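The values are calculated or read from the model by the stated rules, or taken from the named source; none is laboratory data. What you see is a predicted model, and the numbers here were worked out from it, not measured in a lab. Cβ atoms come from the backbone with ideal geometry, glycine included; neighbour counts cover every protein chain shown.
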Amino acid sequence: MSKPLMKPIGYALSGCTHDFLTFVVMEDQQAKVNYFYFIGHPANPDMPVLVRTFRTQPYNPEMITGRTGPLAGKKGRRADYGKRLEYTIAFAEILGYYDENRRWRMMEVAPSPWDYVYEPSDEALKRFFTPQKVVAESLMLEIGRIRGTTIPAYIDLNSIARGHMFVAGMTRSGKSSFIINLIAKASVLKPKPHFVIFDRRGEYNSLIKYGGIRYPYGKFTPEITDPKTIVTKLELKGRERDAVLEAVRLVIGENSELTRENILSKTEMLMDKGLIYKTAGTQSKSLASIQWALENKGAFLERPTKPADIIDYVNSTFTLIVDFSVDVDIEAQQRTTCHILNEIREHAMRRKDEGDFACIVAIEEAQYFAPEKGVEIKESNAQSEVKASMVETISQAGGYNVGLIVMTQRPAYVLKSCISQCNSVACFRLRSGNDQDAILMYTEYGSERLRDYLPGLADHEAMLWGIAVPTPFPVIAQIEVDEYPQKAAVFARQAWEKMERRNKLGGRV
C-alpha cells in the first residue's frame, strides 16, 4: 500500500475471519458506519484489501456490573479515572481485493491481530470504484456519488436491459426519484435508450420536458375476447353464466363483434330452443337478469377501436409513460400490462436477428402485477395472466434486450421467481424483517450484513449491487436528485385549512 495515501486508525483484534473484521479504533481517530477502510493482505502487506464497517460499539470495562463505575454512578458521580480505559470497537465485512492481474478476489485468510486498519483517501479508493476497462457494449450512466466520497456512482443501462433490476425501499425512501432522475440523465446519452414506465400514481410528469410522452393506459387496453373472462366480469352465476358463456362462444365462432346486443341475441336464441330452462316464465326472468348485467356491467365490451400499437410508440418515443392513475380498475390495468409485456417480448424475439429493438420497462408497485402467492389483490383471470406474463418476460426477455425494472415498497409481497431473476438490485431504506428476508434470500448479495445497512439508509441513498454496477461488491450511493415525483399539490395541513374555510362559507363539494 502507498503509505502517504493511508492514515492508520486502528488495529485488528483476535477472532477475525476471512470475511469478518473487528478492530479497535485509536483514541484520536473515528470509524464511521458504512464507510470503507483498508487492511493489508496478510501474504502481501502492500496489497490493500477493502473492508466496510457496519457497526461501531463503545466499551468501558469499568462500567460492567460489579466494577467501580456503577458504584460511582449510584452516588451520582462519574468515575473519571475509568474514562482512560474506554475504547471503541468497529465491526466490518471484508469485501476483497484486486490481485496483481487486476482480478477481483475474496480474502483467503483472516487478518492477524495488531494488523493496521487504514483510512484511505479518495485517490486510494478510486481504483476500487472506477472501472479500469469499460466493455464496449456498456452504456454507463452517472447517478450520484459513493457515500462518504467524491467518487461517482454508475449504473450500466445495457446490463439492465439484458438482466433486469429490482428496486425496493420504504415509501418516500427515494425509489421513484431514482427512476425519474436515471431516465432524465439518460436523455443525453448517445445512443439514447428507450423506456416504458407503468405509472400507477401519476408521478412521472416531470419527464415530459426530457422527451417523455404520457398516455392513459386505456389507449393500449386490449379487447376482451376470452369467454370466461367476459362472464366473470358480468358477475353471472349458475345457469345464467352457462347460457352467456355459450352465447359468447357462438358469437366468436361466427366472427361477429362481441357487443352486448349480439351476446343477448345469441342468449335468447339458446333459451328459445329450450336448452337452458324448461318453462317460459323461468326463461323470461333469467333473460331479464342477463340483460340487466349486460347493460350495467358490460360497458367494457363497447370498445370503439382496437388498442394502439405499443411497438410503434416504443420505437418512436424516448420514454413512454403509461398512466395507470386515471382510474382504479385494477383488472383492466392487469390486462393492459399483460398485453404490453407480451407484445414487447414477442416483438423483441422476432427482431433478434435484425438487432434493431431494445427497451427498459419500469414497473411501479410490482405487487399488483406479480404478487406472491397468498397476497393477491383479487383472484381473476386477468391477474393470473399478468403474473404469467411477468414471469415469462423476466425469464426470457433479457436475452433479447428487453429489461424490466421491478419496483416495490414491499419485497415480501412480490413473486419471488421475479425477484430472483433480477441480476441487479437498488435497495433503499428497508426496516421490515420480512422485506429484508426477501432481499437476502432471493438476490445475490450473499451476506447477512445487509440487515445492518438497510434500516439506516437516508432518503435517496441506495445500496447497489449486481451486473449493472461496475464494482464487484455492493456500494451505497447517494443518488443525485434534480427531479422529484409529482405527489399531491399541497400538504395535508393546507388541504384541511382550505376545507375549513370552505365549510365556514357553507360550501360543499
Exercise for the section: Just name the residue that is surrounded by the most Cβ atoms within 10 Å (Cβ to Cβ) out of those in segment 202-214 that are in contact with a helix residue (DSSP H, G or I) (Cβ under 8 Å, 6 or more places away or on another chain) and more than 20 Å from Tyr368 (Cα to Cα). Expected result: Leu207
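The rows are residues; the columns are (1) aromatic (Phe, Trp, Tyr); (2) surrounded by 23 or more Cβ atoms within 10 Å (Cβ to Cβ); (3) over 30 Å from His339 (Cα atoms).
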position: Lys126; (1), (2), (3): no, no, yes
position: Ile143; (1), (2), (3): no, no, yes
position: Asn158; (1), (2), (3): no, no, no
position: Val167; (1), (2), (3): no, yes, no
position: Lys175; (1), (2), (3): no, yes, no
position: Ala184; (1), (2), (3): no, no, no
position: Pro191; (1), (2), (3): no, no, no
position: Arg200; (1), (2), (3): no, no, no
Exercise for the section: Kindly indicate whether any position in segment 78-88 is exposed (fewer than 14 other Cβ atoms within 10 Å of the Cβ), in the same structural domain as Phe36 (by TED's automatic domain parsing) and at positive phi. Expected result: no
Fill in the blank from the handout: Note on segment 375-417: residues under 18 Å from the mean Cα position of the chain (by Cα), assigned to a helix (DSSP H, G or I) and touching a residue at least 60 places away in the same chain (Cβ under 8 Å) are Ile394, Gly398, Pro411
Completion exercise
Exactly one of Val361, Val386, Val375 is exposed (fewer than 15 other Cβ atoms within 10 Å of the Cβ) and of a type in the set (Val, Ile, Thr), and that one is Val375
Handout entry: Some residue of segment 52-62 being assigned to a helix (DSSP H, G or I), more than 30 Å from Leu457 (Cα to Cα) and over 42 Å from the mean Cα position of the chain (by Cα)
Key = yes
Problem - Hits in segment 69-112 - residues which are under 18 Å from Thr56 (Cα atoms) and touching a residue at least 60 places away in the same chain (Cβ under 8 Å) - result: Tyr87, Thr88, Ile89, Ala90, Phe91, Ala92, Glu93, Ile94, Leu95
Practice task
Out of Thr221, Thr232, report the one residue that is surrounded by 16 or more Cβ atoms within 10 Å (Cβ to Cβ) and not assigned by TED's automatic domain parsing to the domain that holds Val248.
Solution key: Thr221
Problem - Failed item in (1) at pLDDT 95 or above; (2) under 30 Å from Asp353 (Cα atoms), with Cys427 passing the rest - result: (2)
